[in-house]
Every structure is written in C-alpha cells, then in structure tokens.
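Here, each number is a calculation from the coordinates, and none is a lab measurement. In this text, all values refer to a predicted model and were calculated from it rather than measured experimentally. Backbone-built Cβ (ideal geometry, glycine too); neighbour counts: all protein chains shown.
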Amino acid sequence: MRAAFAWLCLCIGLVAATAAGAAPQRDWPAIPSPPDASTFWIAEYLEQNTVPMQIRGFETRVPLSEVVRYYEKWFADKNGYGASELGPARVLGARMGAYQVTVQLWATPTGAGAGMGTKGRLVAAVVYEDVPDPEARAARIGRGFPRPAGSQVISDTLSFDRGQRNRTVMVTNGVSVETNALYLREQMIRLGWTLVQDRTIDGGLRSGLVFRRAQEEMVVTIARRDTDYIVIASQTSPDTDGQ
C-alpha cells in the first residue's frame, strides 16, 4: 500500500486539474463521496505509465475519524480490502472488478475556528493482469521522446484538458545538464521541432528549453539531482481525434 500511495502521489503531482476533455471513455467504478462534501475533478482521465486512472478530490467539515468510518463500512465487502497510515494520511483500498480503488484521507482545518475537517482523493486505476505482451506495453513508456543511452524513464503521464492532450515524461540519467540539452536540441530538431527558447542558469546546473512544432509545444527542464540528472518534458498538443 505504501508503494502504491507514493506512486499515486507522483502521478497526481505531475497532472493539473483536468476539465471535461475529449478523453477515452471507460466504465469507471462509482466511488461515493462522504456526506456534506464538496467534490471536484483532479483528473477525469489520465494514463500513468500506460495505466488509465481517474481521480476526484473532496473537502468536508466532517472530522477525519467519521470519514474513515464511512469508508471502512463502504469497503468492508470489497475484494482485497486493506487500510494503512502513511504519515498524516489514511489510505484505504480494494479491488473492484478491473480496477484498484484507493481512498486517501487527511485532516484539514475548516477555518474560522470551526475545528478540523477532512480532505481526500478518490482514485480508480485499471489493474492489468495476464498482459499478453508486457514488453510491448513497457516499450510504450517514454515512446517518441529522445533521451541519451542509459536513461531511465521514471514516469510517462498522459491527460486531457479542454480539447488538448497533455503529456509529461520524466527521465533520469548520468549525463550532464549541458550534454542532455545538446542531445535534445539535435534530436528534437531532427524530429521537426523548432527551438524557441534555450536558457541555462544556476551555474550550468539547470537548463530550460522550449520547442514548437505546428500547434504543439514542449517545455523541457533539465537539472542536477544529487548524483544524477533529471529531465522533465511537458508536451501539449491539440486533441483532434478525442483519443
């Protein structure tokens, strides 16, 4: 559960709130919100490393203990139900058909001296079992984004927002900031992109590149992180086909 929670938090951190975009349609499980809660979309549809997910958030003045009891009762008859604590968060989850459902809960101030309420995230993620060709699925992660040999793709996130596709790829490697930037300049231009911004700051420890191709834009940040280097590329494209 701890690993799953950390993975979901990384995914959520990479994706802005998505409105009703032209995303693929799925038969998502219905996860109830607690009584008297205000709900909102965090991601109506996203794919994290090829895994389709849906995430809603909520806030309520009801105390955390009561909200936990509410979901304990709802999860009680679900397959594989489990609960844990991760720092200040309570995490509950179970299997529902082809989906893993996770509820993440935190105590939060309600304001005006009214005590503590609860905020939460309701997450449904597709569970892949007996994948016919796992190597082909793994090859989709980071596909099309050039990176130096030896690079590792940490995350590849796809989401939709107002008729627009958003993709964020995160890569790490042992190559310097400038070498990563030089490699990307050459490869992106070869792929038909135009370099419109190129900045290196912090004494060469951070670089920012912006590429454009027709109506597409890609913003790339390269930085040193401890003993390795991290590359984060955020690409936006018009969603012309709804897929």
Q. By per-residue mean of other Cβ atoms within 10 Å, what is the highest-first order of 194-205, 60-71?
A. 60-71, 194-205
Q. Each residue of the stretch 180-191 in order: what ³J(HN,Hα) in whole Hz does its phi give by Karplus 6.51 cos²θ - 1.76 cosθ + 1.60, θ = phi - 60°, with x for Gly and Pro?
A. 4, 5, 4, 4, 5, 4, 5, 6, 5, 5, 4, 7
Q: Could you pull out every residue, at least 5 positions away or on a different chain, whose amide H is within less than 5 Å of the one on residue 81? Hs are placed 1.01 Å off N in the peptide plane, and Pro or chain starts have none.
A: 95
Q. For the stretch 166-217, what's the relative contact order in percent, using C-alpha pairs closer than 8 Å and at least 6 residues apart?
A. 30 percent
Q. Sequence-distant or interchain residues sharing an amide H contact under 5 Å with residue 108, placed H: which?
A. 117, 118, 119
Q.
Residue by residue through the stretch 89-96, what is 3J(HN,Hα) from phi via Karplus (6.51 cos²θ - 1.76 cosθ + 1.60, θ = phi - 60°)? Round to whole Hz and write x for glycine and proline.
A. 8, 9, 10, 10, x, 6, 8, 10
Q: May I ask which residue of 23, 181, 128 lies farthest towards the positive end of the charge dipole of the chain, with charges of +1 (Lys, Arg) and -1 (Asp, Glu) on Cβ and the Cα centre as origin?
A: 181
Q: List every residue whose amide H lies under 5 Å from the amide H of residue 217, counting only residues 5 or more places away in sequence or on a different chain, with H placed 1.01 Å from N in the peptide plane.
A: 236
Q: Determine, at each q value in 0.09, 0.12, 0.13 (inverse angstroms), the log₁₀ of I(q)/I(0) that the Debye formula gives when each Cα of the chain is one equal point scatterer.
A: -0.48, -0.80, -0.91
Q: Evaluate the relative contact order of the stretch 34-181 (contact order divided by residue number), counting alpha-carbon pairs under 8 angstrom at least 6 apart; express in whole percent.
A: 22 percent
Q) Taking the Cα centre of the chain as origin and charging only Cβ (+1 Lys, Arg; -1 Asp, Glu), how large is the dipole, in debye to the nearest 20? A) 280 debye
Q | Where labels lie 7 Å past Cα in the beta-carbon direction, separation of residue 26 and residue 98 in nm | A | 0.8 nm
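Where does the chain land at 222 nm, in deg cm²/dmol rounded to the nearest 500, when only DSSP H runs of n ≥ 4 count, each adding -39500 (n - 2.57), divided by all residues? Spell out each step's value before the answer.
Numbers: 4 runs with 46 residues, N = 243.
Rounded to the nearest 500, it is -6000 deg cm²/dmol.
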Q) Taking a temperature of 4 °C and a viscosity of 1.567 mPa s, what whole-number D in µm²/s does Stokes-Einstein yield for the stretch 161-243 with Rh from Kirkwood over alpha carbon pairs? A) 97 µm²/s
